[in-house]
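Bear in mind these aren't lab numbers, they're just calculated from the coordinates by the rules spelled out. Being a predicted model, the structure only gives us computed values, none of them experimental. When we count neighbours, we look across all protein chains shown, and the Cβ atoms used for this are built from the backbone with ideal geometry, even at glycine.
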């Protein structure tokens, strides 16, 4: 990043008492590698961008910080009305932990952390409950798709397999009440080709998100 941009986007400003939505976003070119057999690299990048844009939009009316260390992602964030929380070389857990600290310093009492691969993201700021850790697991009840926690309490993110269980344990360690939210739309994330075909009760697949054509049904030989 150019030095001027790094100076203006490293530590976003905040209004005291206003909650913030944190969206970690990785390099679009490296995103969704597990979809390599279903989508070409350009289409995977398009998918990642479009889902991230939907998550940023779902953060409104709260301010949204995109947590990243890629200049292309940083420009994307600014183009979509978000601020940039620049966290180079920290990995996901380190980056989110740093963003929580910066949110506290900026006067935000709570933060919602939402992954950028949620095609049906909505109403993220409504998840905040003062004094509580609100956890939205993925549909397998394993990972953490969305989480709302107080800032400034030393919460240590621990993403990866079974993260929803570790995050609940971390919240209890800090004396926070834990609330688990079952929201099928927020629970639907995209990692594999099967995830590109949600059931109708989850929602209609957004037109701007690329996916392969459905397979043709087998036909009997004449």
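A few comments on the model shown:
- Exposure proxy order (Cβ contacts within 10 Å, fewest to most) of 87, 144, 192, 46: 192, 46, 87, 144
- For segment 112-222, share of DSSP beta bridges that run antiparallel, in % to the nearest 5: 65 percent
- Whether segment 57-130 is rounded, prolate or oblate, judged on the alpha carbon gyration tensor where a/c under 1.5 counts as rounded: oblate
- Least to most buried among 135, 113 (fewest other Cβ within 10 Å first): 135, 113
- Using the Cβ-Cβ distance between residue 178 and residue 34 with R0 set to 35 Å, the FRET efficiency from 1/(1 + (r/R0)^6) comes to roughly 0.70.
- Counting DSSP beta bridges with both ends in the chain, the antiparallel % (nearest 5): 40 percent
- Secondary-structure-derived ellipticity at 222 nm for the chain, considering helices only, amounts to -8500 deg cm²/dmol, per-run term -39500 (n - 2.57) for DSSP H runs with n ≥ 4.
- Rounded Å value of the spacing that divides the Cα centres of segment 54-87 and segment 96-159: 15 Å
- With the alpha-carbon atoms of the chain aligned to their principal axes, the span from lowest to highest coordinate is 71, 42, 28 Å, starting with the largest.
- Taking the C-alpha atoms only, the angle from helix 163-173 to the longest principal axis of the chain is near 20 degrees.
- Projected onto their three principal axes, the Cα atoms of segment 119-161 cover extents of 28, 25, 13 Å, largest first.
- Reduced Cα scattering model of segment 118-222, Debye log10 I(q)/I(0), q = 0.19 Å⁻¹: -0.95
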